[in-house]
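J.: Before anything else, here's the structure in question.
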Amino acid sequence: MKEGKLCISICANSAEELHEKIRRADILADVVEVRFDCLRPDEVTHALRSLPSIPGRYLITYRPSEEGGKRALSKSERIKFWTLAGQILEGTDVLVDLEFDLNSAFGFPSDRIIRSEHYFQGLPEQALIRNEALTDPSAAILKVFCQVNTVDYSFINGRKVVDRGRITTIELEPLVEEHNKLAAQLIHS
């Protein structure tokens, strides 16, 4: 039984390149994340208006660099993008990933919204998951990304997958042994 979904993230400079990458990813992916922040600014509207149809399979993002995006984007630029996206994609079955500082759903249904925040330098000591994010009626999913060096405990969908720094979902020792055996064969072939 397949428990997860494969999401392939697409990043391109032009709408044409973006469409080609979407076509290639569509063969393998359950969900295609389209990174509009990667596009040249003059390509964004064209790419948005001409997305190939793969209903229910898009995750749309437009991140500023401080949230992991490919370029600096002001809040007003992001609001302008999401307002346009909400108009163009109205009635389309897409997921959208909106950062916490954007206080609007931009016309997207609440069950299609992910509210996210990203910490790339580890979790700041004073970081708090904002109460308004936890109770945001316009979002179906809350995502907080924090880059860390070690993980003591991790839960995914209520299931413990890391316990005291050890992964619980696989037997690691046999996997490492098999990997080392195959690596040795590759080196000596």
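J.: Mind telling me which of the residues Arg63, Arg78 ends up being of a type outside the set (A, V, I, L, M, F, W, C), in contact with a Gly (Cβ under 6 Å, 6 or more places away or on another chain), within 17 Å of Phe100 (Cβ to Cβ) and surrounded by 14 or more Cβ atoms within 10 Å (Cβ to Cβ)?
T.: It is Arg63.
J.: Test Ile60 against the stated conditions and say whether it is part of a strand (DSSP E or B), at pLDDT 90 or above and among the aliphatic types (A, V, I, L, M).
T.: When the stated conditions are applied, Ile60 passes them.
J.: Assuming Ser53 fulfils every condition listed in (1) in a loop (DSSP other than H, G, I, E, B); (2) closer than 30 Å to Arg159 by Cβ apart from one, which condition is it?
T.: (2)
J.: Here's something else I'd like to know. Only residues in the stretch 26-48 that are part of a loop (DSSP other than H, G, I, E, B) count as the first member; pair them with residues that are among the β-branched types (Val, Ile, Thr), Cβ under 8 angstrom, at least 6 apart or cross-chain, and list the lot.
T.: These pairs meet every condition: Leu28/Ile8; Ala29/Ile8.
J.: Tally the residues that are assigned to a helix (DSSP H, G or I), in contact with a strand residue (DSSP E or B) (Cβ under 9 Å, 6 or more places away or on another chain) and surrounded by fewer than 19 Cβ atoms within 10 Å (Cβ to Cβ), restricting the search to the stretch 81-110.
T.: Adding up the residues that qualify gives 1.
J.: Tally time: how many residues in the stretch 71-107 are more than 19 Å from Leu39 (Cβ to Cβ), in contact with a Pro (Cβ under 8 Å, 6 or more places away or on another chain) and free of Cβ contacts under 8 Å to residues at least 12 places away in the same chain?
T.: Looking only at that region, the number is 0.
J.: Surrounded by fewer than 16 Cβ atoms within 10 Å (Cβ to Cβ), within 30 Å of Ile156 (Cα to Cα), touching a residue at least 12 places away in the same chain (Cβ under 8 Å) and touching a Pro at 6+ places or on another chain (Cβ under 8 Å): does that describe Ser9?
T.: So Ser9 fails the test.
J.: Among the residues in the stretch 89-103, are any modelled with pLDDT under 90, assigned by TED's automatic domain parsing to the domain that holds Glu16 and among the polar types (S, T, N, Q)?
T.: The answer is yes; a qualifying residue exists.
The values are calculated or read from the model by the stated rules, or taken from the named source; none is laboratory data. Everything numeric in this text was worked out from a predicted model, so none of it was measured. Positions of Cβ are generated from backbone atoms using ideal geometry, with glycine treated the same way; all protein chains shown enter the neighbour counts.
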